[in-house]
1. List the residues whose amide H sits under 5 Å from the amide H of Phe245, counting only those 5 or more places along or on another chain, with H placed 1.01 Å from N in the peptide plane.
2. Can you sort Ile36, Ile380 by 1.4 Å-probe accessible area, starting with the largest?
3. Ordering Lys65, Lys230 by accessible area with a probe of 1.4 Å, largest first, what comes out?
4. Using the structure shown, select from Lys8/Lys84; Lys27/Lys384; Lys27/Lys277; Lys280/Lys396; Lys84/Lys333 the pairs with a Cα to Cα distance greater than 30 angstrom.
5. Taking H placed 1.01 Å from N in the peptide plane, check which residues at least 5 places from Val275 or on another chain put their amide H under 5 Å from its amide H.
6. Can you give the local net charge around Tyr167? Use residues other than it whose beta-carbon is closer than 14 angstrom to its beta-carbon, Lys and Arg +1, Asp and Glu -1.
7. Out of the trypsin sites (Lys or Arg not before Pro) in the range 322-357, which ones are loop residues according to DSSP with at most 15 other C-beta atoms within 10 Å?
8. Report the calculated FRET efficiency for Arg188 and Phe9 (r = Cβ-Cβ distance, R0 = 41 Å), to the nearest 0.05.
Amino acid sequence: VLKDTLGKFVRMVWASKMGRKFDPDAKRWRYRASFIYALGNGLEVSTYLHPQYFLPLAMLANSCKQMSMLTSSATRNALYNSFKGDGFVNVNSANGAGDNNNVTAIRRSGSVENIGDITAKGEAQIAVVDLLGIASGICLSRAIGVSVNNVFSVWVILQVLEIFCMYHEMQSIVYSTLNFERMYTVLREMKFIDDKVATGSANIVKAPRTKKEQLVSNVPTPDDIAAQEKIFMPPDHLARRAIAFGSPGRTALEPDELKMLVNDAFRGEKYFIVVGKDEKNERGLSARVRQWRRMRRSGVSVEKGVSLDYYLDPQEQCYIVLHESANNLDILKSALALVIFRRKLVALDATVRRQKTSLNDPPPPFRTRDCEEILRETRIEASKVFPHLLRELTKKGWRPPLRSLLGRVSARADWKIQHVREKKHDPATTMESEASTQ
């Protein structure tokens, strides 16, 4: 009774604390669930080795299994959704229409709304595998006997095999829906085509004369992102949602800086970018390790009495503040602006450091007031590139941003948005129009 009671209680606590993380990060949590389940199995096996601790070991084992089963069931539908079709067909091409009408009719196809069929087949496969597992277990138990050492050895081998197979299973799943990690990777990997869009980065290529309207290239496909997506470890530091978004108070933003951002640099937008050191959260060990590695790559030695803050990565000194009414489309646009601004900030930091007489005399951390000009440039360039980015995402097979799983961004702010009239950039993308109608 105690074993089952504790397991159910842990299951409820785990659901309340972790439930919101499963949808945007289903692959990683499904793979982690296999490790938790392996731990539960290991604790069960250890009860044979230490029978005097049967009750605490059995309670911990049941708790781990309850957490794993909850995570597995919660992420299953999210994984099944990756096998669904886009749900849209071209009516003209499907009907063989050969008229000269420029309007292409698009409708939702009910034939691809097959999540029930996918779920049924998935559950049937689970039942078949369970039956095969029971049969294999009976054969193995007869072969190895009741020796504790034999049971433990077979468990280790089977557990390693299961984790290995689960890793490749998760890696084979391709999402066409963006979460924040996939979105940031796409923005980081793509290149800007030089059409008066200067990002201060080497990731710029010259525009071909026949395609002057295209401003971005080398946008990764869902298959490209799936091949490099992390399955177990957390995302790269700069690709984490908690690093990219924050509140104005995180850097102790001054009133004049806030006024400049809202009324000037990002006027009319539902986001703005803040520059400065994180004053609210203390830097942990991992942050200091990253800082130390960066100093070693730069050949910089820490002078006595000089704060380590002078050696911060400039890309860690900026983040996005979202308006409370910002949607996924605004989040994508703000992330694009953040990638552009980080490249500019790295270039600015390198320029400032070259002007120093000594490598051991770095500049102090940047503040928002030091970057007013490049903040304005960033908003203009992001607004110009954004429609072209949406078009390229559509071509590469990504789903509309409003259907993305970008997770919850709770740190938001409220300010009066002062709309400005800007020249609309052509072309208007199919993806943007589809996203705005959903």
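The values are calculated or read from the model by the stated rules, or taken from the named source; none is laboratory data. This one's a predicted model, so the numbers in the text were calculated from it and none came from an experiment. In this analysis, Cβ positions are derived from the backbone assuming ideal geometry, glycine residues included, and neighbour counts consider all displayed protein chains. Ligands, DNA and RNA are excluded from the accessible area calculation, which covers all protein heavy atoms including side chains. Shrake-Rupley method; radii C 1.70, N 1.55, O 1.52, S 1.80 Å.
1. Residues meeting the amide H criterion: Ile320.
2. If we order Ile36, Ile380 from most to least accessible, we get Ile380, Ile36.
3. Result, largest first: Lys230, Lys65.
4. Table pairs above 30 Å Cα-Cα are Lys8/Lys84; Lys27/Lys384; Lys27/Lys277; Lys280/Lys396.
5. Thr368
6. +2
7. Values: sites: Lys333, Arg342, Arg343, Lys344, Arg353, Arg354, Lys356; in loops: Lys356.
In loop regions of the range 322-357 (DSSP not H, G, I, E or B), the sparsely surrounded trypsin sites (Lys or Arg not before Pro) are Lys356.
8. The formula returns an efficiency of 0.45 here.
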